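First comes the structure, then the notes that go with it.
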Amino acid sequence: MENNVASPPAPGAGDIDPLTASTTTTLRNRKRGGSKGMKSAVASAVSSAVSTATKTSAGPSVVTFSHRYGHDPLHYPAKALAYALARPSLWKVVLRVACVGVSLAVLILIVLLAIALKPQAELISPTLQWWAWLIAVLLVLLEAAICVALLTVVMQSKAQTKLFVATMRLEGLWREGEMVEQATVKDLNLIKKAFFVRILTYPLKIFPFVGGAIYSAINATFTGWDYMDRYFDAIKLSSRLQRVEVFGMDRSDCTALCHPSTYDANNEYARFGFACSFLESVPIVGSVVFPLTNAVAAALFACDIERSEGPACLREKDESVKSKSQKS
């Protein structure tokens with residue numbers, strides 16, 4: 001004669017304790033196992049219950065991030081700072097570009113003083129009063145400052161390109177003859193991706209750190225794309241495939257701005273762009289030092305992509321072509 005060790009709970013009885021449920025299930029399947037069988041059943045049930053209780057009591061699921069290229073892109077800017085400090089050859093790149101920039105700035109000032117000072121003074125006062133000369137000098141200095149500011153942006157972009165290439169060469173992943181350095185025309189392009197959104201959100205930077213963090217979060221993906229554009233140009237990745245790589249599919253800038261996936265915490269380019277942009281928003285040193293180290297960070301990111309056999313969008317494209325050829 002068989003004895004029921006435990007009977008199933010009535011429907012609607014509520015949640016069942018993991019130990020009770022596990023014991024019931026295990027013992028129900030035991031048929032006259034004697035005392036040894038009973039002990040084994042209880043031990044098995046307790047072990048199962050502990051495992052179940054552990055999973056149940058773990059609380060809310062923890063957000064995990066998947067990294068297609070092996071490392072978290074959020075960390076590249078910090079790694080790049082240490083990387084650049086440890087390699088004097090990268091300093092030389094910056095110094096060369098800086099020397100050219102300073103020389104051009106001095107030349108601009110001399111030329112403006114030579115050709116624009118007197119005509120402006122005469123325009124202010126035909127009799128060339130002393131105050132007219134003073135105002136003319138101030139105007140020339142202002143004009144020179146504007147020219148130098150534009151020149152600084154261009155020279156900084158040029159330095160970033162040189163640092164990017166130099167870093168990939170140091171890592172042995174710049175393929176000579178296959179990869180191409182970003183054209184100078186791109187360095188002259190001052191209009192970045194999602195330019196108008198950046199202009200509209202720029203006043204947020206007035207508030208140190210907090211405002212910079214909000215600005216960086218809004219523009220993260222496009223900033224990351226801007227920095228990695230040098231790598232995409234180097235491997236001659238088409239505009240459509242760049243969008244697939246950055247956004248997950250071919251979306252226009254306007255569509256991407258309004259799409260939630262653009263701001264997804266799992267988006268590598270958003271994570272990378274946020275870190276770069278936040279460092280650049282740091283008062284005083286942010287806009288001077290970090291744009292250069294962020295170019296090194298972009299190169300380190302590109303190196304990991306190369307080690308992973310190239311951008312994921314190209315691998316997906318190759319797999320799609322192979323599957324179509326197999327079907328045909």
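The values are calculated or read from the model by the stated rules, or taken from the named source; none is laboratory data. Everything quoted here is computed from the prediction, not taken from an experiment. Cβ sites come from the backbone with ideal geometry, for glycine too, and all protein chains shown count toward neighbours. What goes into the accessible areas is simple: the full protein's heavy atoms, side chains included, and nothing from ligands, DNA or RNA. Shrake-Rupley method; radii C 1.70, N 1.55, O 1.52, S 1.80 Å.
Observations on the model:
- You can think of it this way: the chain between ALA86 and LEU170 has 29.0 nm of extra reach, that is 0.36 nm per residue less the Cα-Cα gap.
- Over the stretch 260-316, the alpha carbon radius of gyration divided by the compact-protein estimate 2.2 N^0.38 Å works out to 1.32.
- For the stretch 113-157, accessible area per residue (1.4 Å probe, heavy atoms of protein chains only), Å²: 64
- Sequence ranges 293-303, 97-107, 238-248, ranked by mean other-Cβ count within 10 angstrom, highest first: 293-303, 238-248, 97-107
- Gain upon complete extension [ALA312, LEU113; 0.36 nm per residue less C-alpha separation]: 66.3 nm
- Over every Cα atom in the stretch 182-317, the radius of gyration and the widest Cα-Cα span, Dmax, amount to 14.6, 44 Å.
- The stretch 268-284 and the stretch 215-233 have Cα centres separated by 9 Å.
- Portion, in percent, of the accessible area of the stretch 198-317 that falls on carbon or sulfur, probe 1.4 Å: 67
- Cα-Cα over 23 Å, subset of LYS79/LYS162; LYS162/LYS193; LYS193/LYS236; LYS92/LYS205; LYS186/LYS236: LYS92/LYS205
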